[in-house]
1. For residues that are small (Gly, Ala, Ser) and in contact (Cβ under 8 Å) with a residue 60 or more places away in the chain, scanning just segment 209-236, find the one that is nearest to Gly317 (Cα to Cα).
2. Could you please give the count of residues in segment 31-73 that are of a type in the set (A, V, I, L, M, F, W, C), in contact with an Asp or Glu (Cβ under 7 Å, 6 or more places away or on another chain) and part of a loop (DSSP other than H, G, I, E, B)?
3. Starting from segment 190-208, take each residue that is outside any strand (DSSP E or B) and at pLDDT 95 or above and list its partners that are crowded, with 19+ Cβ neighbours inside 10 Å and of a type in the set (Phe, Trp, Tyr), counting only C-beta distances under 8 angstrom and pairs at least six apart or across chains.
4. Return the residues of segment 74-130 that are β-branched (Val, Ile, Thr) and either surrounded by 19 or more Cβ atoms within 10 Å (Cβ to Cβ) or in a loop (DSSP other than H, G, I, E, B) (or both); say none if nothing qualifies.
5. Got at least one residue in segment 304-323 being among the acidic types (Asp, Glu) and in contact with a Lys or Arg (Cβ under 7 Å, 6 or more places away or on another chain)?
6. One residue is enough: does segment 215-230 have a residue meeting the conditions among the acidic types (Asp, Glu), at pLDDT below 95 and part of a loop (DSSP other than H, G, I, E, B)?
7. Looking at segment 143-162, which of its residues are in a strand (DSSP E or B) and more than 16 Å from the chain's Cα centre (by Cα)?
8. Restricting segment 163-183 to residues that are within 12 Å of the chain's Cα centre (by Cα) and in a loop (DSSP other than H, G, I, E, B), which is farthest from Asn194 (Cα to Cα)?
Amino acid sequence: MDNVKKRPILAGFLAILGIFFGYLLLWPVPFDPVAGPPRAANPAGTGIFAKNNALAAAKMVEIGHGPEGTAFDAQGRLYTGLTDGRILRVNVASGAIEELANTGGRPLGLNFDANGDLIIADAVKGLIAMSPDGIIRTLATDFDGVRMVFVDDLAIDKDGIIYFSDASQRHAFGNDDIIEIFERRPSGRLISYNPANGEMKLLLDDLYFANGVALSKAQDFVLVNETFEHRIMRYWLKGPKAGTADVFAENLPGYIDNITEAPDGGFWLAVVAPRVDELDNLVDKPFMRKVLWRVFRLTGDSPVQMHSYAVKFDSDGNVQASLEDDSGHIFMMTSVLQHKGQLFLGSLINNAIGIIDAP
């Protein structure tokens, strides 16, 4: 009799177990993953990446939500763009904030051209410009007749040519672009734009989420970050290698975001979050990446951790310094800009810009 009573309980348990494993193994996912080569060992915590919390000493200047990129004008005034599209000018000394314009999109990378216009990589609106009086004009929204869906960062050379990244052709900003970590189908691009005639050229394609862009001091090469490949690519603009690309730095300890030129000819790299062992171990296992995606969706967890790095490179791609913070003081850090001996730290979701002395 007792066995008869236990049978419905056991059947119910087995049914729940079947649903659970059916979800993990069979539930549809919004991507079609492909295999990649196994990852090299993560350098985090070793050598120059030895653990430190140096960025926890940064002063935080409240700005508003999501000051991702920063730039200084010729008068030394700080500019940034927020999640709600606003472009702000900030008096760092007094904390005074002026709202200059609103792009109507999501401004990310910023840089000033020789005319004093603020050139903006807007994830929604494309490549745009803001004049000193706050007037917004569109430079480019399409490439080869197709709308760009995730313009991300930019650099401008002495001739006014704008080099910018189109992060993905598959997933627009705000449309769960983290899918690209699990999918591994590269569609990011590095593009140049000539404001004199509107000419656009494709320099690099098939990048794993094209992100930060920076020019060398001699302007003989341009760098572009591959966020989900933990790698910086170098495209040669001049010299015997002109028109070709190679790896500037690879096997970095996290998901890399913007990169900016340093005064000494090197570069500062923002690492928005550390690599995740589970994903590193599944690069060559697309089916298991589907399972992990379902686990994250079921538990509400995310592969993105609140732990950021500022990494300094010399002009040859050698790491010179690594500053980090996992205390929650600095998090989701997307840009590191050196100005007059200080580092200005932007963030995708923080409400402040961090300021700390450059090492």
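1. The first filter runs over segment 209-236 and keeps only residues small (Gly, Ala, Ser), leaving 210, 212, 214, 216, 218.
Applying the additional criterion that residues be in contact (Cβ under 8 Å) with a residue 60 or more places away in the chain yields 212, 216.
Numbers: Gly212: 15, Ser216: 11 Å.
Applying the filter and picking the extreme gives Ser216.
2. Selection size over segment 31-73: 2.
3. Close Cβ pairs (under 8 Å, with a partner that is crowded, with 19+ Cβ neighbours inside 10 Å and of a type in the set (Phe, Trp, Tyr)) amount to Tyr208/Phe228.
4. Initial filter on segment 74-130 (β-branched (Val, Ile, Thr)): 80, 83, 87, 90, 92, 97, 103, 119-120, 124, 128.
Answer for segment 74-130, where residues must be β-branched (Val, Ile, Thr) and either surrounded by 19 or more Cβ atoms within 10 Å (Cβ to Cβ) or in a loop (DSSP other than H, G, I, E, B) (or both): Thr80, Thr83, Ile87, Val90, Val92, Thr103, Ile119, Ile120, Val124, Ile128.
5. Within segment 304-323, the subset among the acidic types (Asp, Glu) is 314, 316.
Still in the list and also in contact with a Lys or Arg (Cβ under 7 Å, 6 or more places away or on another chain): none.
Within segment 304-323, none of the residues are among the acidic types (Asp, Glu) and in contact with a Lys or Arg (Cβ under 7 Å, 6 or more places away or on another chain).
6. The initial filter retains those residues of segment 215-230 that are among the acidic types (Asp, Glu), namely 220, 226, 229.
Still in the list and also at pLDDT below 95: none.
Checked segment 215-230: no residue is among the acidic types (Asp, Glu), at pLDDT below 95 and part of a loop (DSSP other than H, G, I, E, B).
7. Scanning segment 143-162 gives Phe143, Val146, Arg147, Ile156, Ile162.
8. Let us first name the residues in segment 163-183 that are within 12 Å of the chain's Cα centre (by Cα), namely 165-168, 173, 177-178.
Filter again for in a loop (DSSP other than H, G, I, E, B), leaving 167-168, 173, 177-178.
Numbers: Ala167: 19, Ser168: 21, Phe173: 25, Asp177: 28, Ile178: 31 Å.
Here the residue is Ile178.
The values are calculated or read from the model by the stated rules, or taken from the named source; none is laboratory data. Predicted, not measured: the structure shown is a model, and the values here were computed from it. In this analysis, Cβ positions are derived from the backbone assuming ideal geometry, glycine residues included, and neighbour counts consider all displayed protein chains.
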